[in-house]
Amino acid sequence: MKKQFLILALLPLALARLEASDSPINAYSRQSLSLNGKWNVIIDPYETGFYDYRYQPYDQSPAPSMSAFFMDHRPADKSELVEYSFDRSSTLMVPGDWNSQSEKLFYYEGSVWYRRLFDIKPSQPGNRLFVYFGGANYEADVYLNGEKLGRHVGGFTPFSYEITNAVRPAGNSLIVKVDNKRHREGVPTLNTDWWNYGGLTRDVMILEVPGTFITDYCVQQEKGSLDRVSGYVRLDGARKVQKGRVEIPELGTTVGFTTDQEGFARFDFALAKAQLWSPENPRLYNVAISCETDRTSEKVGFRTIEVKGTEILLNGRPIFLRGICLHEENPLRGGRARSAEDSRMLLGWARELDCNFLRLAHYPHNESMARIADEMGLLLWEEIPVYWTIQWDNPQTLDNAKSQLSELIGRDKNRASVICWSVANETPVSGPRTAFLKQLIGLARDLDPTRLVSAAMEVHADPADAKTFVVDDPLNEATDLTSFNEYIGWYVGVPDLCAQVRWVIKSQKPVLITEFGADALQGLHGDAQTRFTEEFQEDLYRKNLQMLSKIPQLRGTTPWILVDFRSPKRTLPGIQDGWNRKGLIGENGTKKKAFYLLRQYYEAKAAAP
Ligand code: GCU
């Protein structure tokens, strides 16, 4: 009787913890304990550790059975029946996808339980602790010492839970069930042309912050203004009303603010004599935000991005986006790219191509990508995985897409490199689809009025004339760019068709070609008519660039794709073998002929935009 009463009393507390708090911004600047490294894992395709034999979830019961893997239970004595043990289980590295770490998990789609033991004591009395995940694909159920902290859905954005009252000084057991199964109602849905890498694919750490801390802020140049910054700060904790300031020491700028009853304050100020951030001059300034109980700082670049008629203006001047698409994969090591070194290698290849822009496809890449792009002076298009045929009329699917978009913007809104949020890729035109996407565009504009918003749209041939291609997606009225994918010469005809193509583009906006390309196996040579040879790919690039250059409002291209990437849809033996071969660089890092052709085109563009 007594035990039940106690559990019932605890219930509201436990439930309150189920909501993932907004992840503290600028997490990597915080005092933290990294939980990266080896984690014990249990591969659980039947989810035996989650459901009882009646398929009832253990974590829905107020007194979960010890058979639930998240209880991390060890037999009290030799007579007690316990049929799992993390202590005796194998390990996987975190961060890392499981597919590239173990041959038997290469194609695995299902649940894997991760467990990490740790000791921690707040360094200051009154400080708070959060467990922070940079990303886990796709669904993550998180438990600490047998208690459910929450569930996060979406494989590519950060999430965190407060654990201040749930930790003990030593022997904490953090358990995460990660499930990368694909779902019809998911974002993405069942069908994608990339590898469904599962696991704790990004950093995991315990963040320590003061009792009342700066959980969110934005410091961005006002849209269209070359010399004004506006922003806000939000505090989380008991002491909501505080005095604070924004400091930019290198500019001698200090601006005060006072947070209100909600812990919120807005500020704006003149950006005196700052060098504006651009690819030619990626000038970053140290910006510190402080209040009476907390202080955080990071490097920020100041620039404006906007569209005027058919021009894209960076800091008020027209720019041509010399771009390339990229998946978040390190082909040399295999698996998801996950570290600053991976980002530097991939962005370095784009730099060698003389790019000033990348389209990070088709989902948010790890945080280091945008931070290093800030340093290197590379502009970015960031996208959420609303890809192909999403369930447009499913409200949960819309909520899922909205939360992924909010988490992405929440994480990267202070990155100068990021100039465009993309809400979708190659989605078939329909009323429900356009309404769905317009909601996402509206949300992006509400969350961040300073950047461009768009989507990778599609073209269709004129039914009356197969050589006329029409761009008339109704979504375009809501986007800043007329950005679309075209595969003339690969999925549509042969490269010679390019010379005969007529474009009908029903918009007066800047045109960005977000994909074109062809598969080529690196090292396979032949005549330019033979598919999958480097010569065919090179020829297709030459003819597409000639065709596209005739579009008067062409303001950029991001061909598909910088480097070959894994896809379960690509099975052609001896050529694809599980790889999409549209890279300009092979999986071994060797450049293909088309790489040099595109670089030449970009060098010419850079010389005479
Ligand atoms: C599509 C899609 C990509 C895909 C590419 C291809 O357009 O957006 O995700 O990989 O085409 O077919 O290679």
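The values are calculated or read from the model by the stated rules, or taken from the named source; none is laboratory data. A quick note: this is a predicted structure, and the numbers were derived from the prediction, not measured. Cβ: placed from backbone, ideal geometry, glycine included. Neighbour counts: every protein chain shown. Note: accessible area is taken over every heavy atom of the protein model, side chains too, but ligands, DNA and RNA are not part of it. Shrake-Rupley method; radii C 1.70, N 1.55, O 1.52, S 1.80 Å.
Phi-derived couplings, Karplus 6.51 cos²θ - 1.76 cosθ + 1.60 at θ = phi - 60°, listed residue by residue for region 594-607: 5, 4, 6, 5, 5, 4, 4, 4, 6, 4, 5, 5, 5, 6 Hz, with x used for Gly and Pro. Does region 25-171 come out rounded, prolate or oblate by the C-alpha gyration tensor, with a ≥ b ≥ c the root eigenvalues, rounded set by a/c under 1.5 and, if not, prolate when a/b is larger than b/c and oblate if not? In terms of gyration-tensor shape, oblate. Percent of accessible area on region 300-424 owned by carbon and sulfur, 1.4 Å probe? Exposed carbon and sulfur together represent 51 percent of the surface. When the Cα gyration tensor is reduced to axis lengths a ≥ b ≥ c, the ratio a/c is 1.5 or higher for region 289-389, and with a/b not above b/c it is classed as oblate.
If one computes the Cα centroid of region 422-492 and of region 61-95, what distance in Å separates the two points? Result: 49 Å between the Cα centres. Close amide H pairs (under 5 Å, H built 1.01 Å from N) link Thr253 with Ile248, residues at least 5 positions away or on another chain.
Put a plus charge on the Cβ of each Lys and Arg, a minus charge on the Cβ of each Asp and Glu, and nothing anywhere else: the dipole of region 186-322 about its Cα centre is then about 320 debye.
The Rg/Rh ratio for the chain is 0.98, where Rg is the radius of gyration of the alpha carbons and Rh is the Kirkwood radius. Bridging of Lys223 to lysines at a Cα separation below 24 Å is possible for Lys273, Lys299, Lys308, Lys402, Lys413, Lys438, Lys509, once same-chain residues fewer than 8 apart are set aside. Positive-end ranking of Val429, Phe130, Leu584 along the dipole of the chain, with charges on Cβ about the Cα centre, is headed by Phe130.
The residue list Trp98, Ala270, Pro282 was ranked by how far each Cα lies along the charge dipole of the chain toward its positive end, using unit charges on Cβ atoms, and Ala270 comes out on top.
Taking the convex hull of the alpha carbon positions in region 267-321 and averaging its projected area over all directions gives 5.3 nm². Using C-alpha pairs below 8 Å separated by at least 6 residues, the relative contact order for the chain is 11 percent. Here each label is just a point 7 Å from Cα along the line to Cβ, and for Val241 and Ser65 those points are 5.4 nm apart.
Remark: region 278-403 carries a charge dipole of roughly 280 debye about the Cα centre, counting +1 on each Lys and Arg Cβ and -1 on each Asp and Glu Cβ. Plainly put, region 84-160 has a radius of gyration that is 1.00 times its Kirkwood radius, both from alpha-carbon atoms, as the Rg/Rh ratio. Per-residue ellipticity at 222 nm, computed for the chain from helices alone with -39500 (n - 2.57) per DSSP H run of at least four residues, works out to -5500 deg cm²/dmol. When you filter the trypsin sites (Lys or Arg not before Pro) in region 476-552 for DSSP loop state and at most 13 other Cβ atoms inside 10 Å of their Cβ, you are left with Lys506, Lys550. Need one word for region 184-311: rounded, prolate or oblate. Basis is the Cα gyration tensor (sqrt eigenvalues a ≥ b ≥ c); a/c below 1.5 gives rounded, then a/b vs b/c decides. Note, shape of region 184-311 comes out oblate.
Enter the accessible area per residue of the chain (Å², integer; probe 1.4 Å; all protein chains in place).
Details: 23970 Å² over 609 residues.
Per-residue value: 39 Å².
Each Lys or Arg adds one and each Asp or Glu takes one away; over the other residues whose Cβ falls under 12 Å from the Cβ of Glu603, this sums to +1. Dipole orientation for region 71-169: of the candidates Gly110, Val142, Asn165, Asn165 has the Cα lying most toward the positive pole (charges on Cβ; Lys, Arg +1; Asp, Glu -1).
Entry note, region 407-547: relative contact order of 18 percent, from Cα contacts under 8 Å with a spacing of 6+ residues. Counting only alpha carbon atoms, the long axis of helix 395-412 and the longest principal axis of the chain meet at about 80°. Along its three principal directions, the equivalent ellipsoid of region 469-533 from the Cα gyration tensor extends over semi-axes of 30, 13, 8 Å, largest first. The relative contact order of region 117-241 comes to 28 percent, based on Cα pairs under 8 Å that sit 6 or more residues apart. Put simply, the amide H of Ile305, placed in the peptide plane, has neighbours under 5 Å in Gly224, Asn315, leaving out anything fewer than 5 places away on its chain. In order along region 358-364, the phi-based Karplus estimate (6.51 cos²θ - 1.76 cosθ + 1.60, θ = phi - 60°) of 3J(HN,Hα) comes to 9, 9, 7, 9, 9, 8, x Hz; Gly and Pro are listed as x.
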